[in-house]
Amino acid sequence: MVLFFVVAPFGVYPVFLMKALCFGLFACAFNLLIGYVGLLSFGHAAYLGSAGYATAHAAKVWGWPPEAAIVAGVAVAAVLGLLIGAIAIRRQGIYFAMTTLALAQMIFFFCVQAPFTHGEDGIQGVPRGRLFGLLDLNQTLTLYFVVLAIFLIGFLVIYRAIHSPFGQVLKAIRENEPRALSLGYKADHYKLIAFVLSTALVGLAGATKALVFQLASLTDVHWTMSGEVVLMTLLGGLGTVFGPVVGAFIVIALENYLAQLGAWVTVVQGAIFVVCVLTFRRGVVGELARLIRRPL
Amino acid sequence: MTFRIALVLAAMLLAAGPAAAEVSDGVVKIGVLNDQSSLYADLTGQGSVLAARMAVEDYGAVAKGLKVEIIFADHQNKADVGSAIARQWYDADKVDVIVDVPNSAVALAVNQVTRDKGKAFLVSGAATSDLTGKACSPNTIHWTYDTWALANGTGNAIVKTGGDTWFFITADYAFGHALERDVEAVVLKNGGKVLGKVRHPLNTADFSSFLLQAQASKAKIIGLANAGGDTTNAIKQAAEFGIVRGGQNLAGLLIFITDVHALGLPTAQGLIFTETFYWDMNDKTRAFAKKFAERNRDIHPTMVHAGVYSSVLHYLKAVEALKSDEGIKVIEKMKATPTDDPLFGKGTIRADGRKIHPAYLFEVKKPAESKAPWDYYKLRATIPAEQAFRPLDQGDCPLVKK
Amino acid sequence: MIPLLGIPPQALFGQLLIGLINGSFYALLSLGLAVIFGLLNIINFTHGAQYMMGAFAAWFLLQYAGLGYWWALIVAPIVVGIVGIVLERTMLKRLYQLDHLYGLLLTFGLALILQGLFRNQYGSSGLPYAIPPQLAGGHNLGFMVLPNYRAWVIGFSLTVCLGTWFVIERTRLGSYLRAATENPALVQAFGINVPRMITLTYGFGVALAALAGVMAAPIYQVNPLMGSDLIVVVFAVVVIGGMGSIMGSILTGFGLGVIEGLTKVFYPEASNTVIFVIMALVLLVKPAGLFGRAQ
């Protein structure tokens, strides 16, 4: 996978790749929750967008260098994750999903009203700056490799979290929560930690995206964005390691390709949802894993 | 894992140079970026694409041996979609100039991208006067109209005829804010008062709550600082709530002929507003409108369509003279050359990127006065070009030397 | 008139009335959702799109068949209800054994498809639909002019809501429904065709959404996106009211509409979020919802 991404920008339009990487990270972080903890968060866009706004604001209005702006974005997303997670974790299954959706909607309306987000206009003209004072992020290729590095770091964090005792406990909770509780694991704490970890990484994706596109807008906090990440993960394969990345790639490519056709994008996305839920529940990577009989 | 990380880091450090592909200049590629599916689709949309095509045909590109291509896309009124399309067009699709772009928020974003990439941007659809003010750029020309011209034309006329207390219903984004700001300034300058303001999201279907607030304020004039579908919805619903019967008047601050067509003359009659083009002004505009309507399902050209035609025509003339389509240089040439086209007549382009031409105050005819479909306006006043737009020194544009 | 808390009574009553109108739609839609969830345990995300289809059906009937509003009130819900039944039979049925979340995802996907198709065909700025002439005009109530149509909306939706509640809670058919929710196998053993009941219930819930759509057409303009932002609010209403409670949905629907209207008067900036804030509070204090039964 790494080799592909290192070579790709010399053939494929780098901004497209960067978009795919950001969304890939977004989807991986989302997958951490649904694939490994079994929690469907239908409001994950809130963290993507608010991190984007925080980073954009920090970079443009406060003039922070990109690394500090990104940290600001991650921090905002993590704090939001803590607050929303604390409320939502009390409920299970469908109710959890509905709660996260509604609370994310609150964040959306807050972003519409708050003066610093400039509502419909968004925060425009976000400066990319120089990373650590050395790397000029205005050069597309430099920016690309920075984004790639960020993605890999995020991916690694998730990978380590899953393949660790912590990850095992999460799986135990997903499989049979009462039993995990009876073994002495404080399920709620673990769920909350996983939630905050997920939202922080989503924040990382959102912050990076704001710098790549130099724009933070309402689209990133709207609930349809939450739906998109569910689509990416479902298509790629819930609970697989590489699935979300593949899913993100496919969905972004589809959007690009179909952009000229306007609303067909939504129709195709919906169709993929329907097909996946009915017949293709394991997703692309999930089916692949089953074929080669190795966990992916 | 560690080896892979090291590989990536090494690649990162090596890749420090620029990597953008070179743009070929064998073709002049024009990108028409506007709203193709939402509330502004009728007044811009495919009509603008047609206007651009007609400009290329009338210019005689084929005969002069200049290869011109036109592509279009829908920005869906989202700044991120619009700026992503602009970026991709400039980076990967070799587009040289973007035209139209209604929706001021998107226009501001595209303005920035164009500046960063050194290309050209000819705005016909968007209204915010900031495009020639604090956001002015050497790569952008603001063509057809702007919020200051509307405020100065419509606002002035209404206040002078007794509409001295206002309540604004404003679209909550860059355009609405700019229009509200500019009209408020005119109202206050003429001794009027603003009794209240309310903001509504773009593409609002139900104005009942806002109209009630406007009614409660008892302002003589309810200023609609919005456009397209929002304006027509507000006007139709105002009739439901008996606003005009109750003694208040609606001021549509930005109205296009497609809006009047959608409302119908019985509802729209008496509306007063400012535009810079009307298809029935003279023989040349009528000829254009006839050809346009034939190819556009009989929908007659709005001033935005006219602006796209006019700007593309002038752009092509500048490209021919310069023998190059390099963004900043073409814009400079366009500013240095006076304009002359069948739709706007003779005009000039200022240092801040503002195209100057006369503005007109129109009133919508009563149904009995209209003799044919699309025969909707009567001319109330002509504002000469020098007075129609904000004076050069009042705009805070960094390009203007004080 | 004396201003109440600094707000002139015109503004107050005016917004209250508008709140009631919005509340009517919330109630109708959340009723449909509650009925579907109560019996099928499926969160019908397609509800917003079905509401939109109801409005479009009314428009089609007018454009192509010359059938006006009164016809649409009957025909549109039936047509859209049938579409819903087809959906249930072909797709939803397969998901009953699975985790309920898949139902949510499927209906979400269906909503995207429907919305995308309509948006492709009709753009997103709305088609006009005239108020039926019998309901045009308004009454001057002194503090505001109340358009007759909007008064009709409040009255008719109240009737439909109470009628539905009556059928479900007080008739034999309703009791079969409620029993089947609790223990389908046992009810089936009594000889009642449970799968058919489920299908018809889904169709009924969808028809309610379509009815709301027809009623919305003259006010909100027929627009492919009309359901999409509304659906999230309706979800919040249903969660607050209690997912399986019929009366709960009706009361919370109207109540929240009124609260939203009042917020618009006193603190307009919060009017969009107030419903979600209330939802968060209710979930913290009474997770099953105000009228819900703990599951």
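If you take just the strands (runs of 3 or more DSSP E) that sit entirely in the range B:270-386, which of them hold at least 3 residues that are in contact (Cβ under 8 Å) with a residue 40 or more places away in the chain? Strands (runs of 3 or more DSSP E) meeting the threshold: B:272-275, B:359-364, B:377-383. Among the residues of the range B:229-243, none qualifies, meaning not one is more than 14 Å from chain C (Cβ to nearest Cβ) and either within 23 Å of B:Leu202 (Cα to Cα) or at pLDDT 90 or above (or both). Considering only the range B:162-208, state which residues are part of a loop (DSSP other than H, G, I, E, B), buried (at least 21 other Cβ atoms within 10 Å of the Cβ) and away from chain A (no Cβ under 14 Å). Result: B:Gly163, B:Gly192, B:Phe207.
If only residues of the range B:78-103 that are facing another protein chain (nearest Cβ under 8 Å) and not hydrophobic (A, V, I, L, M, F, W, C) are counted, the one that is surrounded by the most Cβ atoms within 10 Å (Cβ to Cβ) is B:Ser83.
If you go through the range A:209-223 one residue at a time, do you hit one that is outside any loop (DSSP other than H, G, I, E, B), at pLDDT below 90 and away from chain B (no Cβ under 14 Å)? Yes: one or more hits.
A search for C-beta distances below 6 Å between a residue of the range B:29-44 that is under 16 Å from B:Val110 (Cβ atoms) and more than 8 Å from chain C (Cβ to nearest Cβ) and any residue that is part of a loop (DSSP other than H, G, I, E, B) and among the hydrophobic types (A, V, I, L, M, F, W, C), counting only pairs 6+ apart in sequence or on different chains, returns B:Lys29/B:Val95; B:Gly31/B:Val95; B:Leu33/B:Val101; B:Asp35/B:Ala41.
Would you say B:Tyr145 is buried (at least 19 other Cβ atoms within 10 Å of the Cβ), aromatic (Phe, Trp, Tyr), under 29 Å from C:Ser271 (Cα atoms) and touching a residue at least 60 places away in the same chain (Cβ under 8 Å)? Taking the combined requirement at face value, the residue does not satisfy it. Here is a list: A:Ser41, A:Ser50. Which entry is polar (S, T, N, Q), in contact (Cβ under 8 Å) with a residue 24 or more places away in the chain and not in a helix (DSSP H, G or I)? Of A:Ser41, A:Ser50, the one residue that is polar (S, T, N, Q), in contact (Cβ under 8 Å) with a residue 24 or more places away in the chain and not in a helix (DSSP H, G or I) is A:Ser41. Is it fair to say C:Ile250 is over 29 Å from A:Gln113 (Cα atoms) and either within 12 Å of another protein chain (Cβ to nearest Cβ) or under 16 Å from the mean Cα position of the chain (by Cα) (or both)? Criteria met by C:Ile250.
You will find that of C:Gly109, C:Gly126, the residue that is among the small types (Gly, Ala, Ser), under 28 Å from B:Asn203 (Cβ atoms) and in contact with a strand residue (DSSP E or B) (Cβ under 7 Å, 6 or more places away or on another chain) is C:Gly126 and no other. Tell me yes or no: at least one residue of the range A:37-45 is touching a helix residue (DSSP H, G or I) at 6+ places or on another chain (Cβ under 9 Å), within 26 Å of A:Gly129 (Cβ to Cβ) and within 14 Å of chain C (Cβ to nearest Cβ). Taking every residue of the range A:37-45 in turn, at least one turns out to be touching a helix residue (DSSP H, G or I) at 6+ places or on another chain (Cβ under 9 Å), within 26 Å of A:Gly129 (Cβ to Cβ) and within 14 Å of chain C (Cβ to nearest Cβ). Set side by side, the residues C:Tyr129, C:Tyr149 differ, and just one is outside any helix (DSSP H, G or I), under 22 Å from the mean Cα position of the chain (by Cα) and away from chain A (no Cβ under 14 Å), which is C:Tyr129. Inspection of the range C:18-30 identifies at least one residue that is over 16 Å from the mean Cα position of the chain (by Cα), modelled with pLDDT of 80 or more and crowded, with 17+ Cβ neighbours inside 10 Å. The set of residues in the range A:138-154 being at the interface with another protein chain (Cβ under 7 Å from one of its Cβ atoms) and not in a helix (DSSP H, G or I) consists of A:Gln139 alone. Under 18 Å from C:His47 (Cβ atoms), within 7 Å of chain A (Cβ to nearest Cβ) and within 23 Å of the chain's Cα centre (by Cα), is that true of C:Phe118? Against the criterion (under 18 Å from C:His47 (Cβ atoms), within 7 Å of chain A (Cβ to nearest Cβ) and within 23 Å of the chain's Cα centre (by Cα)), C:Phe118 does not qualify. Candidates A:Ala58, A:Ala97: the one that is touching a residue at least 24 places away in the same chain (Cβ under 8 Å), crowded, with 23+ Cβ neighbours inside 10 Å and out of contact with any strand residue (DSSP E or B) (no Cβ under 8 Å at 6 or more places or on another chain) is A:Ala97.
The values are calculated or read from the model by the stated rules, or taken from the named source; none is laboratory data. Source: prediction; values computed, not measured. Neighbour counts are summed over all protein chains in view; Cβ atoms, including those assigned to glycine, are modelled from backbone coordinates with ideal geometry.
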